[in-house]
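All remarks here apply to the structure that follows.
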Amino acid sequence: MTTMTIAKAINEGLRASLTNNPKSLLMGEDIGPLGGVYRVTDGLIREFGADRVVDTPLAESGIVGTAIGLALRGYRPVCEIQFDGFVFPGFNQITTQLAKMHSRSGGKLTVPVVIRIPYGGGIGSIEHHSESPEALFAHTAGLRIITPSNAHDAYWMIQQAVDCTDPVIFFEPKRRYWLKGEVDIENPGPASDPFQAHVLREGSDATIVAYGPLVPVALAAAAAAEEDGRSIEVIDLRSISPIDFDTVTASVKKTGRLIVAHEAPTFGGIGGEIAARISERAFLHLEAPVIRVGGFHMPYPVAKVEEDYLPDIDKILEALDRSLAY
Amino acid sequence: MGATELPTPGINGTGLGQQSPAGGASGDPAAEMIQLLGPDGKLGTDPVFSDYAKRLDPEQLRGFYADMAKVRRFDQEATALQRQGELALWVPLTGQEAAQIGSGRATQRQDYIFPTYREHGVALTRDVDLAELLKLFRGISNGGWDPTENNFHLYTLVLAAQTLHSVGYAMGIQRDQKLAEANGSNDPKAAVVAYFGDGASSEGDVHESMVFAASYNAPVVFFCQNNHWAISVPTEVQTKVPLFNRAKGYGFPGIRVDGNDVIAVHAVTEWALEHAREGRGPVLIEAYTYRVGAHTTADDPTKYRESAEETAWRGKDPLDRLEKYLRNEGLADEAFFEQVRADGDKLAAHVRSTTQNLRGPNFRESFAGVYAEPHPLVAEELAWFEEYSAGFEGDEEEGTGN
């Protein structure tokens, strides 16, 4: 076991992928000598050279589109998109090309491309630097979407994304980049399946599902609720597409109550999908409607007021109160 | 990255890419165009490309004619099939045979081709079964053929998306070759051809693909068929300078070739592919041609262009001029042309019968290809669909008396 930040864990995971798989390579703007604006690729160009750690022109469609071509030639490119709000020039390539290449070819072609996107708010940045566009990608069949919430998962999940034959969008919770945690680099343990949700804390009165940046918030809310005598189960979803509904359903059947928390706007979001599925799967076990905690139906607000926008402990506790009141 | 480690881009001494913009001295937009075989069927000369034309033997020249005639006949048959309701849509290529056969025949087996959606002639040169090609247009497949079999990628309907794939693929070739050279391998060097049209040249992806290709000196030949009309919008709305001149801005050679001259198209494409394979970087070829028919069978060109324009271009027909040349030079006799016609009819009959027998897939197969690895949601939805469908089995039996 070693302790490291999430950013370092992704860096180490990428290093392991580049070492273990000669066909893997990294692509993105500023990922070379600078090591990425968040230094996630720090030092890798020195170690693996400029053909494996490719500093690209500033063009997101170009990054994703050429990665598709490299994948068609047998490579496993890992693209870095600098910020969530800048993925949209590459959205066409991701949704109309990357996601569909395998099905269009009747399974003859695979495009094992990974797209790393630092996402979410809470860093006090400016416009287009704090968005949570995961639902837009989750709606597209053919893509897999995962997001780690801790260093151990970050280290293993990025490698699993590179190994996956399907294209993977790897959302990195940027405001947790500096969150430290223990990483077992010998053994993934329960992290061996990146598409499985993890029960991080057991409880009996209600379940909170969160992922990525909101997992520490959900855990803190559960701890606060415990002081009020409430026993709250917390699930780290880890995979946004596919969603491990079995783990969530089992938890809801036990607790009877479900809160889904994410930073993205609630309307049309992942929380709504979870609420609908759980209503179908566990309707008779529910003691209260599924309650969503998330962003408002507005463009991501300016940094000076983003605290009002972001789900926090109090908003989750308020949702718990409403749920428990039924 | 590779910009430093891989070979430095540079325009060689041919002067290609240095031509003055169209409408300059002569005012004729096609003035700088490379042409070897004129509409009169006479072979001219060119300081660079005549040497390439000399490589062609009579057998190859007859082959070019046979290919062009075959794909035109195929095009007519597919258009008829669409009119008869056998195809959902057809994208005719008549008029562009020389651009496609000339360039396709210049490629080698190890090269990889990224077509747009009108490259039926290029498909023919890559030995793709043309009936497989029709699956897309019959609405029974979103692809149709195995792209890895003939190094001919699936058609791409989102304009220009494939130009980026081609550059990435070329970057992969570069890396493979570097490794092969380090291992002392003598495998033939490969390049990529990216096809797109004058309409697609306005898409951002074409720009980004040229930036990436130049930055990494990727072995890719951009082959733009300027057929003058992006559905109803003329080339003048897409660009204020001749398209081939854009290459200069990216730092690699651009060539405009008479796209109705199969010999010149073959020559410039061979030159460009050699340039790319030898590690000297990308090339843009603009094949100056004309879409004689509609954009697709859903289109009506009489609404946006004069028939005189079409008539003028028919006078530059790629088949007619090669036929004249072959006859004048005594390289083909009447028996040859009769055989070509007979082969065309045979192909048309094959395409017709094969198409009519192409059955739609079972809907369940649509679940299979969504992901390469097992996916619980797809499995769950398939299971639901099976159960749902099973509920109708009894009804059908009652209804049909089976």
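Among the residues of the stretch A:36-72, which ones are open to solvent by 20 Å² or more (accessible area, probe 1.4 Å) and of a type in the set (A, V, I, L, M)? Hits for the stretch A:36-72 are A:Val37, A:Ile45, A:Leu58, A:Leu72. Restricting attention to the stretch B:175-204, the residues that are farther than 24 Å from B:Leu159 by Cα and touching a helix residue (DSSP H, G or I) at 6+ places or on another chain (Cβ under 7 Å) total 3. Yes or no: B:Ile140 touching a Lys or Arg at 6+ places or on another chain (Cβ under 8 Å), assigned to a loop (DSSP other than H, G, I, E, B) and of a type in the set (A, V, I, L, M, F, W, C)? Answer is yes for this residue.
Taken over the stretch B:139-166, the criterion of being among the charged types (D, E, K, R) and facing another protein chain (nearest Cβ under 7 Å) is satisfied by B:Asp146 alone.
For the stretch B:76-114, filtering for residues that are in contact with a Leu (Cβ under 9 Å, 6 or more places away or on another chain), assigned to a loop (DSSP other than H, G, I, E, B) and more than 18 Å from B:Lys135 (Cβ to Cβ) leaves 4.
Filtered by the rule that a residue be more than 16 Å from the chain's Cα centre (by Cα) and within 14 Å of another protein chain (Cβ to nearest Cβ), the stretch B:209-248 gives B:Ser209, B:Met210, B:Val211, B:Phe212, B:Ala213, B:Ala214, B:Ser215, B:Tyr216, B:Asn217, B:Ala218, B:Pro219. If the condition is being within 16 Å of A:Ala319 (Cβ to Cβ) and either touching a Phe, Trp or Tyr at 6+ places or on another chain (Cβ under 9 Å) or surrounded by fewer than 22 Cβ atoms within 10 Å (Cβ to Cβ) (or both), then the stretch A:271-287 contributes A:Gly272, A:Ile274, A:Ala275, A:Ile278, A:Leu286, A:Glu287. Among the candidates B:Asp75, B:Asp57, B:Asp46, B:Asp51, single out the residue that is among the charged types (D, E, K, R) and under 24 Å from B:Leu358 (Cβ atoms). None of the others qualify; the one that does is B:Asp75. Of the helices (runs of 4 or more DSSP H) entirely within the stretch B:294-402, those holding at least 2 residues that are open to solvent by less than 60 Å² (accessible area, probe 1.4 Å) and under 23 Å from B:Val265 (Cα atoms) occupy B:307-314, B:318-328, B:334-357. Within the stretch A:206-248, the set of residues being open to solvent by 10 Å² or more (accessible area, probe 1.4 Å) and in a helix (DSSP H, G or I) comprises A:Pro216, A:Val217, A:Leu219, A:Ala220, A:Ala223, A:Ala224, A:Glu226, A:Glu227, A:Phe245, A:Asp246, A:Thr247. The set of residues in the stretch A:95-117 that are more than 9 Å from chain B (Cβ to nearest Cβ) and among the basic types (Lys, Arg) contains only A:Arg116. Taking A:Ser130, is it open to solvent by less than 10 Å² (accessible area, probe 1.4 Å) and touching a helix residue (DSSP H, G or I) at 6+ places or on another chain (Cβ under 8 Å)? It is true that A:Ser130 is open to solvent by less than 10 Å² (accessible area, probe 1.4 Å) and touching a helix residue (DSSP H, G or I) at 6+ places or on another chain (Cβ under 8 Å).
Do we have any residue at all in the stretch A:178-189 that's open to solvent by 60 Å² or more (accessible area, probe 1.4 Å), farther than 18 Å from A:Lys8 by Cα and outside any helix (DSSP H, G or I)?
No, because not a single residue in the stretch A:178-189 is open to solvent by 60 Å² or more (accessible area, probe 1.4 Å), farther than 18 Å from A:Lys8 by Cα and outside any helix (DSSP H, G or I).
One residue alone among B:Tyr169, B:Tyr195 is under 19 Å from the mean Cα position of the chain (by Cα), of a type outside the set (Val, Ile, Thr) and at the interface with another protein chain (Cβ under 9 Å from one of its Cβ atoms), and that residue is B:Tyr169.
Residues of the stretch A:160-173 include none that is within 14 Å of another protein chain (Cβ to nearest Cβ), part of a loop (DSSP other than H, G, I, E, B) and free of Cβ contacts under 8 Å to residues at least 40 places away in the same chain.
B:Ala214: under 30 Å from B:Gln177 (Cα atoms) and crowded, with 24+ Cβ neighbours inside 10 Å, yes or no?
Numbers: under 30 Å from B:Gln177 (Cα atoms): yes; crowded, with 24+ Cβ neighbours inside 10 Å: no.
For B:Ala214, the condition - under 30 Å from B:Gln177 (Cα atoms) and crowded, with 24+ Cβ neighbours inside 10 Å - is not met.
Only residues that are open to solvent by 10 Å² or more (accessible area, probe 1.4 Å), under 24 Å from B:Lys189 (Cα atoms) and out of contact with any Ser or Thr (no Cβ under 9 Å at 6 or more places or on another chain) were counted across the stretch B:65-116, and they come to 3. All told, B:Leu136 falls short of being in contact with an Asp or Glu (Cβ under 6 Å, 6 or more places away or on another chain), under 28 Å from B:Val233 (Cβ atoms), of a type outside the set (D, E, K, R) and surrounded by fewer than 24 Cβ atoms within 10 Å (Cβ to Cβ).
Just wondering, is there one or more residues in the stretch B:47-64 that are surrounded by 22 or more Cβ atoms within 10 Å (Cβ to Cβ), in contact (Cβ under 8 Å) with a residue 60 or more places away in the chain and either within 14 Å of chain A (Cβ to nearest Cβ) or within 22 Å of B:Arg341 (Cβ to Cβ) (or both)?
Looking through the stretch B:47-64, at least one residue is surrounded by 22 or more Cβ atoms within 10 Å (Cβ to Cβ), in contact (Cβ under 8 Å) with a residue 60 or more places away in the chain and either within 14 Å of chain A (Cβ to nearest Cβ) or within 22 Å of B:Arg341 (Cβ to Cβ) (or both).
Kindly establish whether A:Ser192 is farther than 30 Å from A:Tyr309 by Cα and either within 17 Å of the chain's Cα centre (by Cα) or open to solvent by 10 Å² or more (accessible area, probe 1.4 Å) (or both). Against the criterion (farther than 30 Å from A:Tyr309 by Cα and either within 17 Å of the chain's Cα centre (by Cα) or open to solvent by 10 Å² or more (accessible area, probe 1.4 Å) (or both)), A:Ser192 qualifies.
The values are calculated or read from the model by the stated rules, or taken from the named source; none is laboratory data. Here the structure is a predicted model, which is why all the values come from computation and not from measurement. So basically every Cβ, Gly included, is an ideal-geometry build from the backbone, and we count neighbours across all protein chains shown. The protein model used for the area step is the full one, side chains on, heavy atoms only, and it has no ligands, DNA or RNA in it. Shrake-Rupley method; radii C 1.70, N 1.55, O 1.52, S 1.80 Å.
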